[in-house]
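The values are calculated or read from the model by the stated rules, or taken from the named source; none is laboratory data. From a predicted model like this one, the values you see are computed outputs, not experimental measurements. Positions of Cβ are generated from backbone atoms using ideal geometry, with glycine treated the same way; all protein chains shown enter the neighbour counts. For the accessible areas, the whole protein counts, side chains as well, though only heavy atoms, and no ligand, DNA or RNA atoms are used. Shrake-Rupley method; radii C 1.70, N 1.55, O 1.52, S 1.80 Å.
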Amino acid sequence: MKLFADEDDEWAHSHRIDPAIPMHRHFEMSHPVPAIRSSLAFQPASPLSIVHGACRRAVSRRALVLKRPRRLSSVPPKRTMTNSHFKFSSVDAIEWLQKPITVRGIVQHGFGRGSRDLGTPTANLPGSLLDDVHDAERDGVYLGFGRVPKYGRRVVKMVANIGRNITYGDVIDRVLEAYLMADIFDPEFYGEEMRLCIIGFMRPELKFNSLQQLIEHIQNDVKVADAALDLPRTEVYRTHTSLID
Ligand code: RBF
Ligand code: MG
């Protein structure tokens, strides 16, 4: 599994994909969306993370990005995100939010589809909790940290899909489905309070042609988020007041 996009230049080249551009930007180029939705793209690394030496890698890569010619939309790739060649998300493509999105709510019942069977049981919160949150307007996969106070003070890594499960097409209300990376408790703790501190956007929610593709992408999301949440820049959020208070 390749976690960083630039380890994969050959693949990208053969698919007319510029590795300097996050995958979801390619998607937006071929599926234009209202400007407000893409306003989060390409935020500069925060000065704080540079001070901590957290992002030297990312920063030097960004310098590279500036020199590369951008293959912008004149001939957008015909490819759609649903075909089998779709590239997985990567640590490099994560859009770190300038300010974390903090959510707190009571875990509700899922769709009885057994996301447990997919290997990633999720705890669901109503998407309406995010109605006024500008940074969470895009449906897609986000990452951050979570805590269920009933299970103590432990804060765990978390990856969440926010959307309507468009692969299935049967979900009417927007929902936030969080997969908590912890074996110590059953993530389906209906009726319990769950707190999330969301710090980055990974990719848009996609409509897949097969369950297999959905599973592969979810598993990749988990691996990428797991690695990304070890980056020094994320550490400060493990003790974010929204989780601890
Ligand atoms: N559903 C989709 O239709 N498209 C997606 O791209 C998608 N990505 C997901 C990523 C993660 C990390 C998780 C946990 C779920 C994702 N889902 C997605 C939702 C998935 O369809 C749902 O969790 C199961 O159907 C169980 O409700
Ligand atoms: Mg669930």
Accessible area per residue in Å² at 1.4 Å probe, computed on region 91-244: 44
How far, in nm, would the chain grow between Asp173 and Glu235 when pulled straight, counting 0.36 nm per residue and subtracting the alpha carbon separation? 19.1 nm
For Lys150 paired with Arg113, estimate the spin-label separation in nm (one decimal), with each label point 7 Å from Cα along the Cα-to-Cβ line. 2.4
In nanometres, what is the gap between the two model label sites at Asp245 and Glu205, each 7 Å from Cα along Cα-to-Cβ? 2.8
What does the extension gain come out to for Ser128 and Glu192, with contour length at 0.36 nm per residue minus their alpha carbon separation? 21.3 nm
